[in-house]
Amino acid sequence: MARERQGIDMALGTPGYPETSVDIIGAANDAIRAGKNQYVFPPGHLQLREHIAATLPVPTDPETELTVTVGGTEALFLALHALIDPGDEVVLLDPGYEQFRSTIAFAGGVPRHVPLHAPDWRFDPDELAAAFNSRTRVVLLNSPGNPTGRVLTRQELGWIAELAERWDATVICDEVYSSFVFDGREQTSIAEVPGLAERSVLVGSLSKSYAISGWRLGFLRADATRTTAMRRVQELTTNGAPGPLQLAVGLAAGSADLRAASGEMSRRRDFALEIFTGMGMKISPPEGGCFLLADISPLTGGRTDGRAFTLELLDATGVVVVPAAPSFADPVRGAQYVRIAFNRQFELLHEVERRVRGFRPSGQ
């Protein structure tokens, strides 16, 4: 339906901004033409691991503590399969990235959800503590969060560290949006938090930061013992990410100005907020990432069918957003929300503004 209407995709996180660096593209072409087209060491090309290590906030041994993966998706898969057995429990925040629950289930784990409360999407420390027990093996986080845009504070991470130590749990944090944090906030990596350095797994991705989502390059940062376990799982799955693309990023990624990209992303966030709050949606400004989590109920007169709303918006304007209900453990709780991506070029955002101007759902 979106293709038939020449729809504008404001749903997926595929970057429309920033643009892929010409230096990285050129380095990939050079690597392929130079014959660098065969298998590399499964944990990743050393030059790329050294580059990633240099970008992290704590000293990291690229030989024993870093593993290149086929995107952040494989990184999450490897971490969970290495760290939990069937029946083990995984504590996670709700709402969150919908793939978390499916990957936990695939590994045989049992999710224990801790609600994030609107409008600012913070958790209650008592509710967090109540989710832990003797079966807890992993805490799974995402900061900045998808779809909420929440950036976990150092204090919140400290609470989590205390509980993880008390219950001997490993903390996995998906930090794929860490390059995009707004309004002067501090992005604290779990690797920096006292008590977590030796019991944490950092999941990272180059997809959003360098606008190369189709290259499928992610990574895992963990202590040597956990790294060894995750690499064993990798040997039984993909056995490594594409060699020439790894080499290209290792050689050329240093030319990308991620600080400038974060500032530009903040401007796009502000414009997207202006567009969609102007329609009547209620949105808490995201602190990081590339998504708005928008409450449509003020616009729809209290109706909370996100799927029906997205179809009506598409039919009337050709603008594509997605229901956010799949991001919630209880889809009913998420029925009044839609997710909107704002990592787009300004000319596209201006076209969205033109199309949605004056839109009113049926019955309003």
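For the reader, a short list of remarks on this structure follows.
- Test set (1) surrounded by fewer than 17 Cβ atoms within 10 Å (Cβ to Cβ); (2) in a helix (DSSP H, G or I) - Ser362 fails condition number: (2)
- Search result, residues across region 165-178 that are over 14 Å from Asp88 (Cβ atoms) and part of a loop (DSSP other than H, G, I, E, B): Glu175, Val176, Tyr177, Ser178
- Residues in region 312-351 that are closer than 18 Å to Gly280 by Cβ and small (Gly, Ala, Ser) were compared, and the one that is nearest to the chain's Cα centre (by Cα) is Ala324.
- Residue in region 199-211 that is modelled with the highest pLDDT, counting only those that are crowded, with 23+ Cβ neighbours inside 10 Å and over 18 Å from Glu50 (Cα atoms): Ser200
- Being modelled with pLDDT of 95 or more and within 20 Å of the chain's Cα centre (by Cα) holds for only one residue in Thr60, Thr55, Thr103, and it is Thr103.
- Candidates Ala197, Ala229, Ala224, filtered to the one that is touching a Ser or Thr at 6+ places or on another chain (Cβ under 6 Å) and touching a residue at least 60 places away in the same chain (Cβ under 8 Å): Ala224
Okay, residues lined up against (1) within 20 Å of the chain's Cα centre (by Cα); (2) charged (D, E, K, R):
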| site | (1), (2) |
| --- | --- |
| Phe219 | yes, no |
| Thr227 | no, no |
| Leu236 | no, no |
| Arg269 | yes, yes |
| Pro285 | yes, no |
| Pro298 | no, no |
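- Residue match in region 290-309 (condition: without any contact (Cβ under 8 Å) to a residue 12 or more places away in the chain and farther than 26 Å from Lys208 by Cα): yes
- Test: residue in region 352-359 that is closer than 14 Å to Ile8 by Cβ and under 20 Å from the mean Cα position of the chain (by Cα): no
- In region 21-36, the qualifying residues are those that are in a loop (DSSP other than H, G, I, E, B) and over 11 Å from Val249 (Cα atoms), and the one that is nearest to the chain's Cα centre (by Cα) is Lys36.
- Residue selected from region 334-359 under the condition part of a loop (DSSP other than H, G, I, E, B) and without any contact (Cβ under 8 Å) to a residue 24 or more places away in the chain, by the criterion surrounded by the fewest Cβ atoms within 10 Å (Cβ to Cβ): Gly358
- Entirely in region 71-164, the helices (runs of 4 or more DSSP H) that have 2 or more residues that are buried (at least 20 other Cβ atoms within 10 Å of the Cβ), of a type in the set (A, V, I, L, M, F, W, C) and at negative phi: 71-83, 98-106
- Test: Thr277 is surrounded by fewer than 17 Cβ atoms within 10 Å (Cβ to Cβ), over 19 Å from Pro144 (Cα atoms), out of contact with any helix residue (DSSP H, G or I) (no Cβ under 7 Å at 6 or more places or on another chain) and not basic (Lys, Arg): yes
The values are calculated or read from the model by the stated rules, or taken from the named source; none is laboratory data. The structure presented is a predicted model; accordingly, all values stated were derived computationally and were not measured. Please note: Cβ atoms are built from the backbone with ideal geometry, for glycine as well, and neighbour counts cover all protein chains shown.
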